[in-house]
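Please read the structure below before turning to the comments.
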Amino acid sequence: MDFLKINGTKKIEGSIEITGAKNAALPLLAATILASNNVMISNLPNVVDIKTLLKLLRMLGATFDHKINDITINTTSLNKTQATYEIVKTMRASILVLGPLLARFGHCEVSLPGGCAIGQRPVDLHLKALEAMGAVIEIKAGYIKATAPNGLTGTTIVFDKITVGGTENIVMAAALAKGNTTIINAAKEPEVVQLCEVLRDAGVEITGIGTNTIEIVGNGGKLLEFKPFAVIPDRIEAGTYLCAGAITNSTLTITNVIPKHLEAMLVKLQEMGFGIQRGENSVTLTPANKIKPIHITTTEYPGFPTDMQAQFMALCTVADGVSIIDEKLFENRFMHVSELLRMGANITLNGTVATVVGTPNELFGTDVMATDLRASSALVLAALVAEGETKVHRIYHLDRGYDRLEEKLTLLGADIVREKE
Ligand code: EPZ
């Protein structure tokens with residue numbers, strides 16, 4: 001197992017190129033199940049979660065030519081419809097094959113995702129929506145067994161809660177259904193938007209993209225002819241590097257980004273006193289005179305993302321005053337708190353609310369444990385300003401979603417190396 005060794009209190013400086021978004025690439029790869037042609041994708045992030053989904057697609061019978069950030073994928077040879085426990089237990093996002101497999105083959109089996117480090121994360125809303133489209137769903141021996149022998153039928157779906165993966169699954173299923181599907185209370189995340197746009201470019205009639213009501217005209221089961229496309233930049237990776245600049249109070253530019261996707265984070269950074277210059281495809285952060293505390297409530301896009309909560313919490317530990325962070329999406333997304341406490345942070349938890357008493361220059365290096373993907377990056381951020389050496393263990397979590405994190409931070413001047421336990 002690898003760990004990261006970081007020597008703190010370093011300024012960083014320079015420019016970092018952001019890679020493609022993991023959370024956009026995952027549903028896009030799942031959508032290739034609906035393709036009749038070779039699908040060419042560029043700007044694919046080189047992270048473990050993508051490799052896991054490719055492994056699943058290969059198990060289903062797909063073939064591909066994969067070169068780090070580019071892939072040509074052929075799913076016409078698909079001959080299996082089971083997403084096994086072995087894969088799903090390592091990555092919940094495997095649930096994204098449920099909608100497209102069912103729409104294409106009329107049956108499939110996907111292992112029911114189990115518990116998760118950040119919350120219970122049920123998939124009931126995905127299943128309820130597919131049932132409304134005519135699927136018969138049974139949970140048996142840990143598997144979701146779904147059938148729709150006569151195909152899925154479009155209908156109106158009202159999601160009880162906004163769900164990113166649920167919206168994505170239903171958009172993909174609806175593309176090949178008979179008749180129209182209307183999704184009310186749909187997710188508006190940029191990753192959902194890109195999935196809809198790629199399907200639209202592949203000939204599916206979709207309106208309301210980027211709004212909370214999406215309408216899809218199903219084509220009755222015809223496979224789609226995809227155009228080549230590039231995955232959108234990763235707004236969470238972008239936000240994480242902005243936090244690296246902020247916590248070290250440095251000047252930092254991130255390139256290959258869509259600044260509009262970062263707006264909720266940029267406004268918070270400005271509230272904290274940092275300078276923010278928005279370019280066309282870049283953002284530059286400049287130091288604050290004094291890092292001010294903030295209030296954050298995580299919510300759906302375009303609000304402040306839960307996937308940036310841990311990193312901003314690390315940043316708040318060096319603010320001059322008391323910050324309040326309310327995590328509204330996941331009931332258990334505070335595992336990083338106990339690790340930050342070990343580094344000298346002053347944080348108290350009360351239900352969904354964390355109170356962070358900023359203590360500038362008081363974090364110190366120690367051994368800490370990564371508990372989930374974003375929690376891991378928060379620990380790395382804290383380590384950048386901690387006095388002495390920090391070892392972040394279990395960074396396989398980090399490798400799921402960050403492409404060459406230590407290489408990029410080293411380029412910016414951080415003292416960070418990967419070692420074996
Ligand atoms: C996506 O997960 C992301 N993952 C998550 O990113 C992200 O944190 C989350 O959206 C919220 O933005 C991917 O895109 C692969 P949801 P998803 O369904 O789709 C509840 C990261 O760090 N819910 O929008 O699984 C759920 O428990 C990851 O990259 C139900 O109750 O999230 C949560 O409270 C972590 N029933 C809320 O809805 C359901 O059937 C939002 O979850 C589905 C969801």
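The values are calculated or read from the model by the stated rules, or taken from the named source; none is laboratory data. As the structure is a computational prediction, the values presented were derived from the model and not from experiment. Here Cβ is always computed from backbone atoms with ideal geometry, including for glycine, and neighbour counts include all displayed protein chains. These area figures cover heavy atoms from the full protein model, side chains too; ligands, DNA and RNA do not enter into them. Shrake-Rupley method; radii C 1.70, N 1.55, O 1.52, S 1.80 Å.
Results for (1) away from the ligand (no atom under 16 Å from the Cβ); (2) open to solvent by 20 Å² or more (accessible area, probe 1.4 Å), shown as yes or no for each residue.
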residue	(1), (2)
H261	no, yes
M272	yes, no
G279	yes, yes
P287	yes, yes
D320	yes, yes
N350	yes, yes
T355	yes, yes
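For G221, the conditions (1) open to solvent by 20 Å² or more (accessible area, probe 1.4 Å); (2) farther than 30 Å from G99 by Cα; (3) outside any helix (DSSP H, G or I) are fulfilled apart from (2). For beta carbons closer than 6 Å, sequence separation of 6+ or different chains, a first residue in segment 51-76 that is under 17 Å from A93 (Cβ atoms) and a second that is among the charged types (D, E, K, R) and open to solvent by 20 Å² or more (accessible area, probe 1.4 Å), the qualifying pairs are L60/K80. The set of residues in segment 289-318 being open to solvent by 40 Å² or more (accessible area, probe 1.4 Å), of a type outside the set (D, E, K, R) and under 19 Å from I347 (Cα atoms) consists of P293, H295, T297.
Within segment 60-68, can one find any residue that is surrounded by 15 or more Cβ atoms within 10 Å (Cβ to Cβ), of a type in the set (G, A, S) and assigned to a strand (DSSP E or B)? No; the residues of segment 60-68 include none that is surrounded by 15 or more Cβ atoms within 10 Å (Cβ to Cβ), of a type in the set (G, A, S) and assigned to a strand (DSSP E or B).
Checking segment 95-111 against the condition returns no match, with no residue being more than 10 Å from the ligand (Cβ to nearest atom), open to solvent by 30 Å² or more (accessible area, probe 1.4 Å) and at pLDDT below 95. Within segment 200-209, not a single residue is under 29 Å from I68 (Cβ atoms), open to solvent by 10 Å² or more (accessible area, probe 1.4 Å) and within 16 Å of the chain's Cα centre (by Cα). For I41, the conditions (1) touching a residue at least 60 places away in the same chain (Cβ under 8 Å); (2) touching a strand residue (DSSP E or B) at 6+ places or on another chain (Cβ under 8 Å); (3) assigned to a helix (DSSP H, G or I) all hold with the exception of (3). Considering segment 9-34, and only residues there that are closer than 21 Å to L373 by Cα, outside any helix (DSSP H, G or I) and open to solvent by less than 10 Å² (accessible area, probe 1.4 Å), the residue that is nearest to the ligand (Cβ to nearest atom) turns out to be A21. Would you confirm whether any residue within segment 318-336 is in contact with a Gly (Cβ under 7 Å, 6 or more places away or on another chain), outside any loop (DSSP other than H, G, I, E, B) and under 14 Å from S377 (Cα atoms)? No - not one qualifying residue is present in segment 318-336.
Return yes when G321 is modelled with pLDDT of 95 or more and at positive phi and no when it is not. Criteria met by G321. Could you please find all residues in segment 322-331 being in contact (Cβ under 8 Å) with a residue 60 or more places away in the chain and either surrounded by fewer than 16 Cβ atoms within 10 Å (Cβ to Cβ) or among the β-branched types (V, I, T) (or both)? Result: E331, single match.
Can you find a residue in segment 112-123 that is open to solvent by 80 Å² or more (accessible area, probe 1.4 Å), touching a residue at least 40 places away in the same chain (Cβ under 8 Å) and within 12 Å of the ligand (Cβ to nearest atom)? Checked against the condition, which is being open to solvent by 80 Å² or more (accessible area, probe 1.4 Å), touching a residue at least 40 places away in the same chain (Cβ under 8 Å) and within 12 Å of the ligand (Cβ to nearest atom), segment 112-123 yields at least one hit.
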